[in-house]
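Trainee: Mind having a look at this structure? Questions to follow.
The values are calculated or read from the model by the stated rules, or taken from the named source; none is laboratory data. As the structure is a computational prediction, the values presented were derived from the model and not from experiment. Here the Cβ is made from the backbone with ideal geometry for all residues, glycine too, and neighbour counts use every protein chain on show. Surface accessibility is based on the protein's heavy atoms, side chains included, excluding ligands, DNA and RNA. Shrake-Rupley method; radii C 1.70, N 1.55, O 1.52, S 1.80 Å.
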Amino acid sequence: MGARRTGRERALQALYQLEMAPATVAEALESAWASSEEPKRDPDAVKFARELVDGVQAHREEIDELIERHSHNWRLDRMSRIDRNVLRLGIFELKYRPDIPRKVSINEAVELGKNFGTEESSAFVNGLLDRVAVALNKP
């Protein structure tokens, strides 16, 4: 698995933990890494995970507004924690990471939804992120 995919997985786990219990970003990321089965941490994955979590946390209010605006008949608090945090990661990448192509951000978020969410997660994430990407004019 590549460094960015691993970083996204650990970032998702950390964001989930931050919603569940009070912790610092560093504590949540450490917990995510400690619970993984990887014997060695790739420094690029660690750096990318930290960038994602810090970015989502810094822009969370704006990201959540985008989720609410583009989700049809779904309030943020009614979404599963996994779906909500996958969407946050995807939207952060779409809006604040011009170095990551739209297709990559959406595909990676869909994969996170498949791996960590429910059967419906990937379709839900794909549809909502596509609407957000169009609204943001992300090429």
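Trainee: How many percent of the accessible area of the chain is carbon or sulfur, using a 1.4 Å probe?
Mentor: 49
Trainee: Something else about it: Principal axes first, then extents: for the Cα atoms of the chain, list largest minus smallest coordinate on each axis, whole Å, largest first.
Mentor: 40, 31, 29
Trainee: Sum -39500 (n - 2.57) across every DSSP H segment of at least 4 residues in the chain, then divide by the residue count to get the 222 nm mean residue ellipticity, nearest 500.
Mentor: It comes out at -24000 deg cm²/dmol, rounded to the nearest 500.
Trainee: Send over a whole-number figure in Å² for the accessible area per residue of the chain, probe 1.4 Å.
Mentor: 53
Trainee: What is the log10 of I(q)/I(0) for region 1-50, computed with the Debye formula using one identical point scatterer on each Cα and no solvent, at q = 0.13, 0.24, 0.28, 0.29 Å⁻¹?
Mentor: Debye curve over Cα of region 1-50, log10 I(q)/I(0) at q = 0.13, 0.24, 0.28, 0.29 Å⁻¹: -0.24, -0.80, -1.05, -1.11.
Trainee: Among the trypsin sites (Lys or Arg not before Pro) in region 38-139, which ones are in a DSSP loop with at most 16 other Cβ atoms within 10 Å of the Cβ? Mind listing them?
Mentor: In loop regions of region 38-139 (DSSP not H, G, I, E or B), the sparsely surrounded trypsin sites (Lys or Arg not before Pro) are K40, R41, R75.
Trainee: Taking the Cα centre of each part, how many Å lie between region 92-126 and region 39-90?
Mentor: 10
Trainee: Springs between alpha-carbon atoms under 10 Å, Gaussian network over the chain: tell me which of V46, V56, V86 tops the mean-square fluctuations.
Mentor: Of V46, V56, V86, the most mobile in the Gaussian network model is V46.
Trainee: Over every pair of different alpha-carbon atoms in region 36-103, take the mean of 1/r and invert it; report that Kirkwood radius in Å.
Mentor: Mean inverse Cα-Cα distance, inverted, gives 13.2 Å.
Trainee: Could I ask something else about it? Cβ under 13 Å from E68's Cβ, E68 left aside: what net charge do those residues give with Lys, Arg +1 and Asp, Glu -1?
Mentor: Within the 13 Å Cβ shell, the charges total +2.
Trainee: Let me ask you something else. For D99 and K40, FRET efficiency with R0 = 35 Å and r from the beta-carbon atoms, rounded to 0.05?
Mentor: Given R0 = 35 Å and the Cβ-Cβ separation, E is 0.85.
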